[in-house]
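Please read the structure below before turning to the comments.
Bear in mind these aren't lab numbers, they're just calculated from the coordinates by the rules spelled out. Just so you know, these numbers come straight off a predicted model, no measurement behind them. Glycine also receives a Cβ, built like all others from the backbone with ideal geometry; neighbour counts cover every protein chain displayed.
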Amino acid sequence: MNLRTILEQAIEEKASDVFIVSGLPVSFRKDGVIKRVNEERLLPPDTESLLTEIYQHAGERELRILEEGGDDDFSFAIQGLSRFRVSAYKQRGALSAVIRIITFDLPDFKTLGIPEYIIHLGDTGKGMVLVTGPAGSGKSTTLACMIDQINKNQKKHIITLEDPLEYLHRHSSSIVSQREINVDTESYVTALRAALRQSPDVILLGEMRDYETINVAMTAAETGHLLLSTLHTIGAANTIDRIIDVFPASQQRQIAVQLSMTLNAVVSQQLVPTVDGGVAPALEIMTVTPAIRNMIRDNKVHQIDGMIYSSMKEDMISMDGSLLNLYKAGTISRDTAIKYASNPDMLGKKL
């Protein structure tokens with residue numbers, strides 16, 4: 001099988017990921033489940049040949065980066081087919097890759113099951129909105145829908161800093177500058193510092209990875225820009241703790257105060273299997289109210305979960321509340337709701 005045939009089949013079957021790993025047949029992930037395309041196992045020369053094809057499609061990118069470093073992340077597009085995000089790596093000495101399929105067209109948030117309230121979180125002119133969750137939970141897609149909403153309805157300068165670029169945004173009412181780390185700029189920190197001098201209104205930061213990035217991101221949000229970003233955390237309280245814990249103990253008090261003033265909302269999401277064999281987003285939403293600002297500032301972050309759990313409003317709903325709503329709507333099964341719950345015993349009683 002050549003690369004194009006594999007990718008065409010994956011798109012036809014509506015797979016989300018393609019696995020090219022030595023010792024196994026080519027495999028697809030569809031609706032969260034991995035299946036093998038055939039029984040023909042790939043040998044190291046086979047994976048090397050497929051990886052060489054991938055790098056040829058990625059233009060000037062050199063396979064040497066992967067061979068020397070053992071890991072490489074980038075994206076490429078095949079005209080008339082789709083865009084693809086690649087995480088290439090070495091596995092037992094052989095070249096391997098996981099390819100995420102990204103459509104050329106931006107998805108419709110209503111079709112995906114993302115509440116309209118979340119899409120309009122980008123309407124606020126300044127502050128910080130975080131979308132969190134495990135890898136593969138659809139964070140990039142949610143952010144892309146928010147950027148698309150701003151792009152179509154507001155006259156702004158939007159700068160996206162991504163590693164690698166996923167969805168491509170055409171200039172609409174706004175100007176959209178999309179920068180890829182390691183291609184257009186050397187790092188998130190460098191690009192973020194430069195972005196502050198490029199007259200931005202909205203900055204999309206692909207991931208708040210480390211102390212330096214989070215530090216500059218906090219400054220950007222404080223200085224009147226809207227900053228959208230992601231973290232690999234589950235739950236609003238965990239997200240706030242993670243940001244504060246990144247800083248040295250001597251700075252944590254000051255950072256808690258800064259965060260209490262700049263944070264607008266945290267959306268925590270995971271994709272859960274539906275009864276009809278698809279997936280649906282379960283979303284915890286925390287909109288920062290004056291009470292929550294006080295909790296962050298006064299080091300009472302542990303009380304936030306209780307406040308979210310006791311609310312069932314559109315702008316404040318717990319993960320378990322979202323799962324309960326999906327179950328009541330007949331979208332997911334009881335077992336799925338309990339499996340993905342933050343507090344399975346409590347949700348079990350409600351069910």
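Full extension from Gln251 to Ile65: what is 0.36 nm times the residue separation minus their Cα-Cα distance, to one decimal in nm?
63.2 nm
I'd like the orientation of helix 3-12 relative to the chain: the angle between its Cα long axis and the longest Cα principal axis, in ° from 0 to 90, rounded to 10.
The angle comes out at about 50 degrees.
Computed over the Cα atoms of the chain, what is the ratio Rg over Rh, Rh following Kirkwood?
0.98
Considering amide H positions built from the backbone, and no H for Pro or chain starts, which residues 5 or more places from Thr230, or on another chain, come under 5 Å of its amide H?
Val131, Glu207, Met208
Have a look at Val129, Val246, Val267 and tell me which one the Gaussian network model of the chain (Cα, springs below 10 Å) gives the largest fluctuation.
With Cα springs under 10 Å in the chain, the top fluctuation among Val129, Val246, Val267 is at Val246.
Once you've got the Cα coordinates, tell me which of Lys152/Lys313; Lys152/Lys300; Lys35/Lys139; Lys300/Lys349; Lys110/Lys350 are over 31 Å apart.
Lys152/Lys300
Calculate the spin-label point distance for Arg92 paired with Met346, positioning each point 7 Å from the Cα along the beta-carbon direction, and give it in nanometres.
Placing both labels 7 Å along Cα→Cβ, they lie 4.5 nm apart.
Could you give the nm distance between label points at His171 and Lys110, where each point is 7 Å from its Cα heading toward the beta carbon?
Calculated label separation equals 3.0 nm.
Kindly provide the Kirkwood hydrodynamic radius of the stretch 200-351 in Å, to one decimal, from all pairs of distinct alpha carbon atoms.
16.5
Expressed as an acute angle from 0 to 90° and rounded to the nearest 10, what is the orientation of the C-alpha long axis of helix 44-57 relative to the principal long axis of the chain?
Roughly 70 degrees, rounded to the nearest 10.
List the equivalent ellipsoid semi-axes of the stretch 3-102 in whole Å, largest first, each obtained as the square root of 5λ for an eigenvalue λ of the Cα gyration tensor.
The three semi-axes for the stretch 3-102 are 20, 17, 11 Å.
In whole angstrom, how far apart do the alpha carbon centroids of the stretch 17-82 and the stretch 320-341 sit?
A separation of 35 Å, based on Cα centres.
How large is ³J(HN,Hα) for each residue in the stretch 336-343, as worked out from phi by the Karplus curve 6.51 cos²θ - 1.76 cosθ + 1.60 (θ = phi - 60°), to whole Hz, x for Gly and Pro?
Taking θ as phi minus 60°, the curve returns 5, 4, 5, 4, 9, 6, 6, 10 Hz for the stretch 336-343.
Among Ala15, Tyr117, Leu95, flag the residue with its Cα farthest along the positive direction of the charge dipole of the stretch 13-134, charges on Cβ as +1 for Lys/Arg and -1 for Asp/Glu.
Value: Tyr117.
Starting from the Cα of His120, step 7 Å along the direction of its Cβ; do the same at Thr223; then give the gap between the two resulting points in nm.
The modelled label-to-label distance comes out at 3.1 nm.
Angle, helix 319-328 long axis vs. longest principal axis of the chain, Cα atoms, 0 to 90°, nearest 10?
Rounded to the nearest ten degrees, it is 70.
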